[in-house]
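Colleague: Please find one structure pasted underneath; my questions will follow.
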Amino acid sequence: MNKTVFITGAGSGLGRGAAFGLARQGHRIIATTETTSQKTDVLRQAEAEGLDMDVFKLDITNPRDLMQIRETDFDIFVANAAINEGGPLAEVPLDRVRALFEVNIFATLESVQLAAARLVGKGHGKVIFMSSMAGISATPFVGPYTATKHAIEGIAQTMRKELEPFGVQVATINPGAYDTGFNDRAGEEIWKWFDDSVHFTRKEDILKQQENLKNQFDPQDMIDKMVEIIPKDHHPFRTVHPQETEDQLKKAEKKRWEMEI
């Protein structure tokens, strides 16, 4: 059965890929973008592929944009919009951390509150939080983003129980490291403020950690998994992909119970 799927942050990356993948399967897609230029680009691709997609600008930090959620009918709400930035937590400027929290936690939660009210009114539906492997793991120099995704995990787990009596499902999708450019741009942001002549963190340690960005997965693999999971009526609460990332996270969580300082 085809669904109506509302996706935030569909102007680029995995969100955009999933929007088009679901549309190709016949689902009605409401793809929202942070900027009008992204909207234009998505519309052009939809037209080129002959896909009937609803596309509009929705910056989740803009209260007027958010009100569009109240006026739109959908079966599934995918809270995908997010920003990323890294840096050593002991030294990262707090204004940069606050910016991540504003988008990834507060604006995301506000968008989901509006979506939840809509779905509760219908008596059924699903909210999917696009979390991350970072919501479960903790990697040096990825702390600001990791903190936001840990918060999303807590929010999603709590809302799952709270919305269940109203017929509304809640789940997370937790991608591993995929080569969309999202992680690379986050790594680059560090160098806008980090100065190894001022900060005590060793630059070579950050660079060593960023070497892992050379081994990211093919985004199409994650997009295919999202297209599979998003419209399903029943699936696990948490979907970590690929399998090797799920195995890695389970192993890391077990180690945390044995850690000493």
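The values are calculated or read from the model by the stated rules, or taken from the named source; none is laboratory data. The shown structure was predicted, so the numbers you read here are calculated from the model rather than taken from an experiment. All Cβ positions, even for glycine, are placed from backbone atoms using ideal geometry, and neighbour counts span all protein chains on display. Please note that ligands, DNA and RNA were not included when accessible areas were found on the heavy atoms of the full protein model with its side chains. Shrake-Rupley method; radii C 1.70, N 1.55, O 1.52, S 1.80 Å.
Colleague: If I ask for residues that are touching a Gly at 6+ places or on another chain (Cβ under 6 Å) and closer than 14 Å to S131 by Cβ, which ones from region 219-261 would you list?
Modeller: The answer is T245, and nothing else.
Colleague: Quickly run through region 1-13 and pick out the residues that are over 22 Å from D179 (Cα atoms), among the hydrophobic types (A, V, I, L, M, F, W, C) and either in a loop (DSSP other than H, G, I, E, B) or over 19 Å from the mean Cα position of the chain (by Cα) (or both).
Modeller: Going through region 1-13, the residues over 22 Å from D179 (Cα atoms) turn out to be 1-6.
Those still in the list that are among the hydrophobic types (A, V, I, L, M, F, W, C) too: 1, 5-6.
Across region 1-13, the qualifying residue is only M1.
Colleague: Which residues, taken from region 156-194, are among the β-branched types (V, I, T), touching a helix residue (DSSP H, G or I) at 6+ places or on another chain (Cβ under 8 Å) and over 19 Å from I229 (Cβ atoms)? Before you say what the answer is, go through the steps one by one.
Modeller: Within region 156-194, the first condition is being among the β-branched types (V, I, T), and the residues that meet it are 158, 168, 170, 172-173, 180, 190.
Still in the list and also touching a helix residue (DSSP H, G or I) at 6+ places or on another chain (Cβ under 8 Å): 168, 170, 172-173, 180, 190.
Within region 156-194, just I190 meets the criteria.
Colleague: Is region 112-126 home to any residue that is open to solvent by less than 10 Å² (accessible area, probe 1.4 Å), within 29 Å of F217 (Cα to Cα) and in contact (Cβ under 8 Å) with a residue 60 or more places away in the chain?
Modeller: no
Colleague: Among the helices (runs of 4 or more DSSP H) confined wholly to region 141-247, which include 2 or more residues that are among the hydrophobic types (A, V, I, L, M, F, W, C) and crowded, with 17+ Cβ neighbours inside 10 Å? Explain how you work it out, then say what you get.
Modeller: Details: elements: 143-163, 182-189, 203-210, 219-229.
Because the criterion is at least 2 residues that are among the hydrophobic types (A, V, I, L, M, F, W, C) and crowded, with 17+ Cβ neighbours inside 10 Å, the helices (runs of 4 or more DSSP H) in region 141-247 that meet it are 143-163, 182-189, 219-229.
Yes/no per residue for (1) more than 15 Å from the chain's Cα centre (by Cα); (2) closer than 24 Å to A81 by Cβ:
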position	(1), (2)
R160	yes, yes
P165	yes, no
N215	yes, no
M226	no, yes
D233	yes, no
V240	no, yes
D247	yes, no
R256	yes, no
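Colleague: Further, regarding this structure: Are any residues in region 249-261 without any contact (Cβ under 8 Å) to a residue 12 or more places away in the chain and surrounded by 11 or more Cβ atoms within 10 Å (Cβ to Cβ), and if so, which ones? First the steps, then the outcome.
Modeller: We begin by selecting, within region 249-261, every residue without any contact (Cβ under 8 Å) to a residue 12 or more places away in the chain; these are 250-251, 254-261.
Within region 249-261, K250 is the sole residue that qualifies.
Every residue, every condition in (1) at pLDDT 95 or above; (2) within 20 Å of the chain's Cα centre (by Cα); (3) of a type in the set (V, I, T), yes or no:
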{"position": "A18", "(1), (2), (3)": "yes, yes, no"}
{"position": "L66", "(1), (2), (3)": "yes, yes, no"}
{"position": "T72", "(1), (2), (3)": "yes, no, yes"}
{"position": "A79", "(1), (2), (3)": "yes, yes, no"}
{"position": "G86", "(1), (2), (3)": "no, yes, no"}
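Colleague: Report yes if G26 is modelled with pLDDT of 95 or more, more than 30 Å from S197 (Cβ to Cβ) and in contact with a strand residue (DSSP E or B) (Cβ under 6 Å, 6 or more places away or on another chain), otherwise no. Write out each step before concluding.
Modeller: Values: modelled with pLDDT of 95 or more: yes; more than 30 Å from S197 (Cβ to Cβ): yes; in contact with a strand residue (DSSP E or B) (Cβ under 6 Å, 6 or more places away or on another chain): no.
It is false that G26 is modelled with pLDDT of 95 or more, more than 30 Å from S197 (Cβ to Cβ) and in contact with a strand residue (DSSP E or B) (Cβ under 6 Å, 6 or more places away or on another chain).
Colleague: Could you look through region 156-206, keep only residues that are out of contact with any Pro (no Cβ under 8 Å at 6 or more places or on another chain) and among the acidic types (D, E), and pick out the one that is modelled with the lowest pLDDT?
Modeller: D196
Colleague: Since D233 meets every condition but one in (1) closer than 19 Å to G26 by Cα; (2) touching a strand residue (DSSP E or B) at 6+ places or on another chain (Cβ under 9 Å); (3) touching a residue at least 24 places away in the same chain (Cβ under 8 Å), which condition does it not meet?
Modeller: (3)
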